[in-house]
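The values are calculated or read from the model by the stated rules, or taken from the named source; none is laboratory data. The shown structure was predicted, so the numbers you read here are calculated from the model rather than taken from an experiment. In this analysis, Cβ positions are derived from the backbone assuming ideal geometry, glycine residues included, and neighbour counts consider all displayed protein chains. Areas reflect the complete protein model, heavy atoms only, side chains present, ligands, DNA and RNA absent. Shrake-Rupley method; radii C 1.70, N 1.55, O 1.52, S 1.80 Å.
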Amino acid sequence: MRTMLSITLDTIPILIAPHPILKAKAKPVGKADDATIRDLAAKMLASMYLAPGIGLAAPQVGQLLRLITIDLMPDNKPAPITLINPEVVALADDLATREEGCLSLPGQYAEVTRPARCKVRYLDLTGARKEIEADGLLNACLQHEIDHLEGVLFVDHLSALKRNIIMRRLAKEQRQKRDDDKRR
Ligand code: K2U
Ligand code: ZN
């Protein structure tokens, strides 16, 4: 008896900046525990792992919904978190600076300063109310992803000069990529 194990990686393309959806404000999720949200979260996780990335927000895959997926892969073991309608309920006064990237600005990195810790309330996929407190990488990721729900990109935290340099370099690299792809 031959068994065919076929795992289809249901991924969705990640939008590249500049894109109007990446600058728009996402809408709250109505029913946290309904099939379309579960399906979208699964597709976002698959797209995030493939990128690879440790976080992804629904606007990055063209869905203006307040939904983010995170997996820091502690000890290289998958530990996905899906946050529905996340709200920052507390931010530390002290700041922390870390180099950030973004799957919607591929190849671009810059140091971003944010509050060093945050407390976030959200719903999980069963609709249960949850709360998470974070510092370090998880703190940066949570703030970075929740920024995406407000149409804010990490470059929006930089000086206009640095932002313009990054956006011009990204546009040039994306043109180069399109030209290379045409040659293939
Ligand atoms: O585009 C995204 O939202 C994914 C981001 C999430 C992130 C940004 C800054 C700091 C932490 C997380 C990244 O591109 S995921 C890639 C990555 C991997 C490890 C550490 C930092 C960034
Ligand atoms: Zn991002």
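Values as computed for the structure displayed
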quantity: Residue match in region 63-86 (condition: open to solvent by 80 Å² or more (accessible area, probe 1.4 Å), within 11 Å of ligand 1 (Cβ to nearest atom) and of a type outside the set (Asp, Glu)); calculated: no
quantity: Test: residue in region 103-111 that is of a type in the set (D, E, K, R), closer than 22 Å to Lys27 by Cα and within 18 Å of the chain's Cα centre (by Cα); calculated: no
quantity: Ile14 vs. criteria under 23 Å from Glu100 (Cα atoms) and assigned to a loop (DSSP other than H, G, I, E, B); calculated: yes
quantity: Selected residue [more than 18 Å from the chain's Cα centre (by Cα) and within 16 Å of ligand 1 (Cβ to nearest atom)] from Glu145, Glu173; calculated: Glu173
quantity: Output for region 133-146, where each listed residue is in a helix (DSSP H, G or I) and open to solvent by less than 30 Å² (accessible area, probe 1.4 Å); calculated: Asn139, Ala140, Cys141, Leu142, Gln143, His144, Glu145, Ile146
